[in-house]
Structure formats: C-alpha cells, structure tokens
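The values are calculated or read from the model by the stated rules, or taken from the named source; none is laboratory data. These numbers come from a predicted model, not from an experiment. Heads up, the Cβs are rebuilt from the backbone with ideal geometry, glycines too, and the neighbour counts pull from every protein chain shown.
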Amino acid sequence: MNLFAFTTIFAQAGKGLGEFAGDYSSKWDAGTYDGGLVFAGIIKWLVTTWGVPEWVPLSSILNGVLEASVFPEIGALLITIGLVFGFVNIFAIGAVWSERKVSAHMQCRLGPMEVGPHGILQTVADGLKLLAKEDIIPRLADKPLFALAPAIVFAGVLMRFVPLPFGDQLIASDLDLGLFFIAAVGAVEVLGVIMAGWSSNNKWSLFGTIRTATQMVSYEIPIGLAFITVIICSGSFSLMEIVNQQGGSLNASDGYVYGGWIWHWNLFRNPFMLVLSITYFIASLAECKRSPFDLPEAESELVSGFHTEYTGMRFALFFLAEYAAMYLVAAVAVVIFLGGWWSGIYPLDALGLGPEATTLTKTLGLLIKVGVFLSKAFALVFVQMWVRWTLPRIRLDQMMYVCWKVLLPISLVCLIGSCLWELASGGASVFGFGIVVE
Amino acid sequence: MTEAKIRTEEMLLNMGPQHPSTHGVFRVVVRTDGELILESESHIGYLHRCFEKCAEGNNYLQVVPYTDRMDYLCAMMNNWGYAVAVEKLAGIEVPERAEYIRVMVAELNRVASHLLAFGTYGLDIGAITPFLYAFRDRERILKIFEKLCGQRLNYSYVRVGGVTFDMTEEILADIEAFCDYFDPKIIDEYDNLLSYNGIFISRTANVGVMPADLAISYGVTGPSLRGSGVQRDLRRDAPYGIYDRLEFDVPVGTGEMGQLGDCWDRYMVRMREMRQSIRLVRQALAGIPEGPFCDKKAYRAVKPKAGETYKRVEGARGEVGFYIVSDGTNIPYRVKARAPSFSNISILDKLTSLSDVMVADLVAIIGSLDIVLGEVDR
Amino acid sequence: MIPCAYFMNIFKVARSIWIGMGITLKYFLNHKKTLCTIQYPREKDLIPARHRGIHYLETEKCVLCWKCSDICPVDCIYIEGVRGADGPLQGGYRGQKATLSKFTVDYTVCIFCGLCEEPCPPKCIWLGPEFDYHSTDRTMMEKNLLSDEVYTESDEVFVEWARGENERLQEEKKKQKEAEKAAKAAEKAAAVAVAEETPAEAAEETTEEASAEAAEENPEGEGDAAE
C-alpha cells in the first residue's frame, strides 16, 4: 500500500509545487483564496511592488528574474518550510514544558519552577544543554545509519505537516490527496526508527525497534480505515475540503462557506463517526508511541528502547519528532472529526467571509479560526498527556490484540455503517440537519 | 516465503545489574526467542555486605544498626526480629508499652513498605502517577518515624528490651491522623487508579502463576505466598509481641482476576494487608498503656547465657528469622539471618520456565515478588 | 458469533480507564490544594529534634571516656587526648576535665545509627539537624568536631547560611510555641473538642513543633534510657 502511495505522492507533490506558481495575490485581493497560501501572495506583492532597489548591483537582472515569477514562489516555499519548522519547534518546547507541568500537577508536584516564571524556559535550557552535549556514536554502531536515523524520523514527521492546515487557507500545500499523503508518509518514520534501533547494536534497542515496527505498521490500518470512512463521507482527500464541508451549508448558494453549527462536524455526522473518532484517537496514540502504547520506549522494560544509545542533539531530534507527531495526530483528528477551524458557532465562523468582508474582518476571522484550530488540537494533546500520566503500559501481544481484534473490526463496522448511513440519509447528520448536498 | 525458510535465532539478554526494573542490583540472564523468554538465570550477590560476619565482631547492641540495612524498606521488622531472638536468648521481659509501640511502628512500616511495592509495581507496569501518590503517603509515615527516632529508613528503633525513644502524645496524634487520612479514602483511590484498571489487570492476571505447593517447596513466604492462597501469617500462626491480643484478617489471593497465585493476586494481597495494618495500628493506638518503654537494665549490657535460639517475625516480605548462638559473652558467636526476599527470589527462574513469559512479564513477575536486594545479598 | 464477553470486556476496560482518568483529572484541577512538595533549597522542612545528622560535640563537657568510639559499630570516631586539665589522668574520670587533641568522625564510614550519643556520661556528643553534607574529596569527609571547621570556603558560606536558617527556624518555633501557649490558655476548656477535629495537616505541623519543643526542653529525657 505504501509503495503505491509513494508514487502517487510524488506526482501529487509535484502538482502542489506547480500550484505555487499560481497567482495568489490576486486571489487574496478578490477574497477567493481557495487552496493557496497567504504568505505566497504577500511575498509576491512585496517583491513585485517594490522590486530590488536600484543601488543593489545587478538589480535590473534580479528584477527581471523576479518578474519571471520564480523567486516569490521559492521564497514563499522557504518561508513556509521555516514557519512549519518553527511552529514544530516552538510547539515541542511548549509541549514538553506543559507535559511536565501537567504531569506534575496530576502528581501533587510543582514541576519545573526554576528557569523563568513557572519554569517556562526550562525546555529551552534543556535544549541548549542537549545541543552542547557530546555526540556519542557507539564504537560498534553502524555509523551512517546511526547518524541518519534521527533526521529521517524527524523528516518523516515534518513532511506530514505539508497538507495540514493551521487555519483557514493557512496551509503549506493543499494536496488533493492530503489524507493519503499523511497516512503514507507515516511509514517513513517507522523506517527511521528501525534504522535507529538496528544500527545502535544494542539488544534493548533491537527489542524497541521490533516493537515499533510491529506497532506502527499494525496501527496504520485502523487509522487508514478512519481516513477512508471520512473520505467516503466527504468525497475528498483534501484536508481543506474536508474542513470546509464541516462548515455546513447554511448559505452555500453564493459559492462561499460561512461556517455552521457544531452538529455539522463530522463527529456528529452519524453515530458511527463518534465511535470511529475514538478508535482513531486510540490508534493515533499508538502511532505516535504514546502511553499506553509506549512499548517501543518502555523505560521500565527496555530502558529507553530504540533511542537508548542516542545523546545530545540526535536524541533531541527524536524527542522533537515525538512531540511534533503528537500535535500532528491531534490536528488530523481536529480536521477529520472536530470541524477543523470552525468553532461550531455560526456567527463567529461567518466573520470575515463572504463578499462584504473587509480586510479588518478578514484578518480577525482568520485569527479566530487559527485560534480555534490550535486550541482544539492542543486540547487533544492535553488528553494525550492525561492518558499518559494515568494508564499503565500494555504488553506486546495485547497491543496486537487491541489493534486486530478490537479496533479493526470496530473500524470496519463503522466504515460499512457510515456508508449505509450516507446512502440512506442522503448526507443528513444525526440531528437531521443537512451537511453538504450540492 | 514459507515460515520454515525464516531463520530465527535465540538471543541472550543480560537484564541488570543496572536495569530500572530489577529493584536494585540484580541480574537476570534471559534466553529469549523474540519477546518470549525461554529460560532465565538469576545472579545475586552484587550487594553483599557480610552482615553475618560483621555480627560476629560486634556486641548485641551494635548488631542492631546492621539489621536495619538488610531490608531497608521495613527496618523495624528486622530490628524486631533480632530483638525478639536476643530477648528469648537472654530471657528479657519487654514492657507492655514497648510491645504496643513495636506493633504500631512495625505495622506503619509495613504500610510504608507495601506503599513502595505498590508504587514501584505501577512503575514497572508503566503507570507513573501511582508511584508518586504512593511516595506522597509513604512520606507521611517516614516523617512520623523521623520524628520518633530521627531517621527515615534505618531506624535502629526497636532494640533488645524495648524501644529507643518513647512515643509522645504528638506522635500518637500524628499516627491517628495518618490512619484517618489513609485508610478508606486513599486505598480506595489506589484501587480505582491501578488495582482495578483494565490494562493493569490484563498485564498482571494469569502472569507468573505460582502454585501453592511450588511456593511452599521453594520457601516463599509473606504476601507472595499468601497470594497463592496459603493462609500463613506468623502474626496469627506463631504470635509474637501482642499480636495474639489484636484482631486482624489474613488476606489471601483469591484468583478473582485470573488464576490463583498470579501477579495480580500477589499485588492485591499487599493492598489488602495495608488495610489490616491500619486496623492493627488503630487497635494499638486505642490500647497503648502508660509505663516504661524499655527494660533499662537489659537495654545496653546484653549478655545472654550460652545457648542458641531461632525466632522469626512476619516482615513486609515474609518471615524474617534470626538464628543466634551465644557463647556467654556480650558478643554473639553466630548470627544467621533468614531473609524472606532471598527465598522469594529463588522461585523466579522456575516461574519463567513454567509458562510462556515475555520480557514485559518478567518485569511484572519481579515486581510482584517485591524483592529488596539489600536483603537478598545481606 | 461474537460472544457477549467480548463487548463486556471492552466496556469494563473502558470504564476502569475512565475512573482512573477521573482521579488524575481531579488531582490536576485541585493541584494547588494537593501539592505536597516544597522548593527545597529555598524552603526547608522543619527538622525534628531527634533527627540524626552530623555530629556535634560540646568540647568543654567531654571527659574522654571513649564510650562513644567503643560503642560505634563501624568504628568511625577517632579520639586522642589526655584527661585532666593540665596533665595526665589522676583519679576517676567522671567529671574530670579532659584535654582533647583529636576528635574526628569519618563520614565515609559513619552510618548515623545514633548509638554514640546514648552512652555518653555528660551527654556532650549528639547528632544534629544538618543532613545536607557533601564534599569533592574523600579526605574531606573526616570532620573535626573540635574546631567545628567546615570543609571548603564555599561550604563555609553554605553552612553559615544553613545555620542561620536553622536559628531562624528555632526562633519561629519559639514564637509559635508562645503563641500556642497563649492560645491554649485562652481556650483551655474547649481544647479537647477542637483537638479531635483538627485536620490531618494542621495536626501534623503542630505536633512536629511540639515534639521538637519537648525535646528541647528536656534534652536529658532522651538519654535516660542509656543509663
């Protein structure tokens, strides 16, 4: 499945890059910025308005290059990558701190209190410490693989951010096969983890690696089934499209989506979706190796699993990847079940949309949507932490049992049930309100 | 590709001496086939400190601090076991008040020890929060002990002929406050948080099943034996101190979550014993008489006549026995300690060979036996 | 046919997980009330009077009887000196002044069992409240009880601070004790009823102080047993 996915993805990624060449600034001006990036438009606008100043050597040639519309897209691409990377880092820093605080407060402790107010800079200090640490590669390790593994794991997670929106139109690239891309690139992370454990030349790491491979390959299937169900119901792979559909269709006749009420979310689309969202959440915990599925890392059994031998920045990359994956699965859950950036309150959602929208309301609406999206995702991340600090770890055979004998049948039933529901109701939600019927 | 063509190999895995789940410096060499353990071989002795030899060079009073360091998690019971042995040998009468104090501190120490067993067992299974809750409550007990005798783990409190310090009213009030705080509310919370958690049950039920006859033949004692359904508790069967005057039940494993004698049963016996210990402390609190707290004559200059004796008490991990030979001087001729963890750990290799055990199960079995390596190696 | 037990099992596990998560959430929401740690180097817990920490020696009281070094199970106390104020021993040593030239405790060996403080006739050696000791060298672990000197310059600062802190705590205790006495005198009649209803934390604090005071008032009381 994944090999097929890869070929499709590369074709899709090429198409996504091509779309960057489109003229976004005009779309921004027209207020119909479908499937593009705001930053691209802004950059292009900046460059084409002022261009390279006269006193810069070779300015005329540079301006000619710019006018050929090559630079703005590449610049926008770089900026997008920078923004996503920056977001992942800042999120990881915040999430590590908040995980420590959440765990501390659940355990009658205070957690980090020393660096900065309430220890908020503790993770920064720890990160600096990790950067300054000696990079140790075990003598008998397979050095190239050992060095490459953390980068592959991190890249595998970062790549999955490409089709993931952060808010209305705030997306690196709105791939037509977005969900498919996310499911497929997940396999890259497994590869990196296997490389890490195998090349460490450590028996405990090997155990962790085998566990990881077993777990992540297995749990891709319930996740995939959840994706397929959502795709069948929405009729699209694109994350933007899936979210837009959850905005309801209160006044869809003029081509704008104004947002809807909370019952327009996929979660309430049919009763099977409710169950499916839970199976997805459980499987996503396994996918990002969080407790109770933290068998690959299992401190009390395998010491630290596949990253036992890693130190310094290489270890930090694994750490970063784990927290980035936490956000990622939470954000995907928000997109496919929890209505994405729609707050579920119609007047709030409709702000800044439609032909009457001014720049002020547009900006305000965008900010609100970003805030809503992030807070939903963060709430799910909190639940992940909450689960981690409550539950014991399950055993390998039980992990397989949960996947193949509990999550898989339930997901399949939900898939079939959702299809039948869609056929029978013609797309009506549980509450009887219409979703999107065009 | 058919399965026959896949070449598999067994792997020797060295678990310990430095491993988070071996509860100390304990090494198990396991032969694994994937996650399955085919065979395990325990290695002990990393913490050997010549307790028995040291005891031959020190007088009867000086041996007491050494007994602390055997099972450092329930040092009171070790002190007590040594004290009753010497008292029997020298024919020393212990004042009534001292007996009550001994019951009180020993049972509190049993609670502290079981709390640590509960917390670390949760940690072994992967739940971190119960560990910190357990330590929070254990801390209260340790504070009481610190106030009582100045140390938190190595008390040297119960001595030949009585106890070192008298219980003050404040400490008695502290103990009562702890009992009221702890007994129904906190233990129920623990049960809800961990004992009856579905994942925890699935990890521990039917794992490491220890049949009663096997346990007896290996000399397993204490909660680990009672987990197999054997009603054996020295406090009831061979009462020492004032236990024959106090009311308490002996909780045994029932096999309600799986087979009789599995890890969950052993774990649950400890949880239920904590309630019984609190019950005993409450009874001792109600009945504590006024009077002296030690036999002042016998307190320092113990000089038993030539002879030998063996006395045992019910420690938190099983029977703590002391065999003492006296040659009539103030220095024991020979002190032999029977450490419960030493006997309990001996069954580990047998348990791993009885059924299909995975690496994660081995951790669960070691945790459920609740060993203290200081006591195993002495 | 899927047996009913399958769904019952899933339901049971889900329910137990939900109960457990309720407990941790309860703690999370009430974290200010349930907090049970202190910020150690800045806040310090009260140390009970019977605490067995680093040794203190009242040099002028010492009669050089070697009882403490005799009873020590690990032989970590080293004493040298002569009995009598200006010369060698004359007569019995009880009450006789001694001139000490060496009185050290090796903390790499000491197990803080407290046996040394029990047989001392003038009760001049005792284990104090200081428990946070450290050194960068094994040779520094031998503490000279005669001069009370500290190990290094940085340690000196630390110990000075720790002593000041201890003094402050003692003064606070005294103040609280006075306040308590006044309060007790005022409501002597109602005291019995109130004491039973005092919550656990409050009771613990007050008893801790009270026991410390009791020990302060009557330092000989503890040692009675030894004689």
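Based on what the data block shows, is B:V325 away from chain A (no Cβ under 14 Å) and either of a type outside the set (V, I, T) or in a strand (DSSP E or B) (or both)? For B:V325, the condition - away from chain A (no Cβ under 14 Å) and either of a type outside the set (V, I, T) or in a strand (DSSP E or B) (or both) - is met.
Being surrounded by fewer than 17 Cβ atoms within 10 Å (Cβ to Cβ) and either at pLDDT 80 or above or in a loop (DSSP other than H, G, I, E, B) (or both) is a condition met by at least one residue of region C:50-58. For region B:16-36, state whether one or more residues are surrounded by fewer than 18 Cβ atoms within 10 Å (Cβ to Cβ) and touching a Leu at 6+ places or on another chain (Cβ under 7 Å). Yes, there is a match, as at least one residue in region B:16-36 is surrounded by fewer than 18 Cβ atoms within 10 Å (Cβ to Cβ) and touching a Leu at 6+ places or on another chain (Cβ under 7 Å). Whether a residue is within 14 Å of another protein chain (Cβ to nearest Cβ) and under 30 Å from B:L36 (Cα atoms) was assessed, and A:L391 passes this test. Scanning region B:132-171 for residues that are farther than 12 Å from B:L108 by Cβ, part of a helix (DSSP H, G or I), touching a residue at least 40 places away in the same chain (Cβ under 8 Å) and at the interface with another protein chain (Cβ under 10 Å from one of its Cβ atoms) gives a single hit, B:Y133. Within region B:79-106, residues that are without any contact (Cβ under 8 Å) to a residue 40 or more places away in the chain and surrounded by fewer than 21 Cβ atoms within 10 Å (Cβ to Cβ) have Cβ atoms under 8 Å from residues that are in a helix (DSSP H, G or I) and β-branched (V, I, T) in no pair, counting only partners at least 6 apart in sequence or on another chain. Note on region B:181-281: enclosed helices (runs of 4 or more DSSP H) holding 2 or more residues that are under 22 Å from B:R138 (Cα atoms) and more than 14 Å from chain C (Cβ to nearest Cβ) are B:223-226.
Across region B:107-122, the qualifying residues are those that are in contact (Cβ under 8 Å) with a residue 24 or more places away in the chain and within 14 Å of chain A (Cβ to nearest Cβ), and the one among them that is farthest from B:P20 (Cα to Cα) is B:F118. Here the condition is being among the aromatic types (F, W, Y), more than 27 Å from B:Q283 (Cα to Cα) and under 17 Å from the mean Cα position of the chain (by Cα); of B:Y46, B:Y121, it holds for B:Y121 alone.
Might you check whether a residue that is of a type outside the set (D, E), more than 14 Å from chain C (Cβ to nearest Cβ), buried (at least 23 other Cβ atoms within 10 Å of the Cβ) and not in a loop (DSSP other than H, G, I, E, B) occurs anywhere in region B:40-56? No, that holds for no residue. Would you check if there is a residue in region B:61-68 being farther than 28 Å from C:G128 by Cα and surrounded by 24 or more Cβ atoms within 10 Å (Cβ to Cβ)? Checked region B:61-68: no residue is farther than 28 Å from C:G128 by Cα and surrounded by 24 or more Cβ atoms within 10 Å (Cβ to Cβ). Taking the criterion of being surrounded by fewer than 23 Cβ atoms within 10 Å (Cβ to Cβ) and touching a Ser or Thr at 6+ places or on another chain (Cβ under 7 Å), the residues of region A:190-222 that qualify are A:V190, A:I194, A:W198, A:N202. Looking only at region B:316-356, residues that are surrounded by 19 or more Cβ atoms within 10 Å (Cβ to Cβ) and of a type in the set (D, E, K, R) come to 2 in all. Going residue by residue through region A:244-253, is there one that turns out to be at pLDDT 85 or above, surrounded by 24 or more Cβ atoms within 10 Å (Cβ to Cβ) and on the phi < 0 side of the Ramachandran plot? No, region A:244-253 contains no residue that is at pLDDT 85 or above, surrounded by 24 or more Cβ atoms within 10 Å (Cβ to Cβ) and on the phi < 0 side of the Ramachandran plot.
Of all residues in region A:111-157, those satisfying the criterion of being in a loop (DSSP other than H, G, I, E, B), within 14 Å of chain C (Cβ to nearest Cβ) and either buried (at least 18 other Cβ atoms within 10 Å of the Cβ) or in contact with a Gly (Cβ under 7 Å, 6 or more places away or on another chain) (or both) are A:G111, A:P112, A:M113.
Just one of the listed residues (A:L274, A:L320, A:L302, A:L295) is surrounded by fewer than 22 Cβ atoms within 10 Å (Cβ to Cβ) and either at pLDDT 85 or above or under 21 Å from A:M195 (Cβ atoms) (or both), namely A:L274. Of the residues screened, B:L225 is not one that is buried (at least 20 other Cβ atoms within 10 Å of the Cβ) and either more than 27 Å from B:W80 (Cβ to Cβ) or polar (S, T, N, Q) (or both).
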